[in-house]
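First comes the structure, then the notes that go with it.
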Amino acid sequence: PNNQEQAEYDFKLDLQFFRGLWKAVDSLPSSEKAPVKALIKEKLILDNCLWAIRLKNYYKMEKEEIIKKLFSIEDIPSEKDILCQEAIKILDYDFDSYDSWKKWKYKSLLNENLEGEVWFIDPIWVQQGIKIYLMKKAYKSFHQFPFTANVLVSWFFIKQYELDCIRKAVEGLRIGEIA
């Protein structure tokens, strides 16, 4: 398969995984569902935002085309879908103007806006910010709701972040960036 076919196949697998994950959260006992759902929901919202930023920034896709590629609860992504709302909203922002992003709910995840320098959104910076944000949220959640399914979900988020840090360090050593 060519790159586009492979990307479409990967997207379908990801979509299947995330929809399955969302349904699994709904099957938790009601006493344990809220904190797990909140953490998973925020992860999926942020993943959609990052995906939308990448598709618009790297592939220059139009808004309508990007919306079709978002993870959604329903079969067709829309502004009514809680997992898509934020990503759809940012598609109207100017990707080369920090001022356009000032009121974004997650503006703390953006790359710095240094005076005198041209600013554009940096998807890699946003991705790293999302990882740190979710790890901190998971760490807090881990301690807030002991002896629930939330501990396992939070633990997974924390360990995933640690694995990413280890992988980054190993890759840095391997290519000689870290002495």
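The values are calculated or read from the model by the stated rules, or taken from the named source; none is laboratory data. Since this is a predicted model, take the numbers as computed values, not measurements. Here the Cβ positions follow ideal geometry from the backbone for every residue, glycine too, while neighbour counts run over all protein chains shown. Note: accessible area is taken over every heavy atom of the protein model, side chains too, but ligands, DNA and RNA are not part of it. Shrake-Rupley method; radii C 1.70, N 1.55, O 1.52, S 1.80 Å.
Things to note:
- When Lys136 is tested against (1) in a helix (DSSP H, G or I); (2) open to solvent by 90 Å² or more (accessible area, probe 1.4 Å); (3) over 23 Å from Glu32 (Cβ atoms), only condition (3) is not met.
Per-residue answers, yes or no, for (1) modelled with pLDDT of 90 or more; (2) of a type in the set (Phe, Trp, Tyr):
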{"position": "Asp10", "(1), (2)": "no, no"}
{"position": "Leu15", "(1), (2)": "no, no"}
{"position": "Trp22", "(1), (2)": "no, yes"}
{"position": "Val25", "(1), (2)": "yes, no"}
{"position": "Lys43", "(1), (2)": "yes, no"}
{"position": "Leu46", "(1), (2)": "yes, no"}
{"position": "Cys49", "(1), (2)": "yes, no"}
{"position": "Lys69", "(1), (2)": "yes, no"}
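- Scanning segment 67-123 for residues being farther than 17 Å from Ile45 by Cα and β-branched (Val, Ile, Thr) gives a total of 2.
- Residue pairs meeting the criteria (Cβ under 8 Å; at least 6 apart or on separate chains; first within 13 Å of Lys89 (Cα to Cα), in segment 50-66; second open to solvent by 80 Å² or more (accessible area, probe 1.4 Å)): Lys63/Asp92
- At least 1 residues being under 22 Å from Ser154 (Cα atoms) is the threshold, and among the helices (runs of 4 or more DSSP H) wholly inside segment 25-131 those reaching it are 30-59.
- Pairing residues of segment 26-43 that are touching a residue at least 60 places away in the same chain (Cβ under 8 Å) with residues that are among the aromatic types (Phe, Trp, Tyr) and open to solvent by 50 Å² or more (accessible area, probe 1.4 Å), at Cβ distances under 6 Å and at least 6 apart in sequence or on separate chains, gives Pro35/Phe145.
- Each residue in segment 31-53 was checked for being open to solvent by less than 10 Å² (accessible area, probe 1.4 Å), of a type outside the set (Gly, Ala, Ser) and closer than 14 Å to Ile124 by Cα, and 3 pass.
- Residues considered: Phe142, Phe95, Phe147, Phe156. Of these, the only one that is open to solvent by less than 60 Å² (accessible area, probe 1.4 Å) and under 25 Å from Lys37 (Cα atoms) is Phe142.
- Taking segment 121-133 as the range and being open to solvent by less than 80 Å² (accessible area, probe 1.4 Å) and free of Cβ contacts under 8 Å to residues at least 60 places away in the same chain as the test, the residues that pass are Asp122, Gln128, Gly129, Lys131, Ile132.
- Members of segment 80-97 found to be charged (D, E, K, R) and either closer than 29 Å to Gly116 by Cα or over 17 Å from the mean Cα position of the chain (by Cα) (or both), listed by number: Lys80, Lys89, Asp92, Asp94, Asp96
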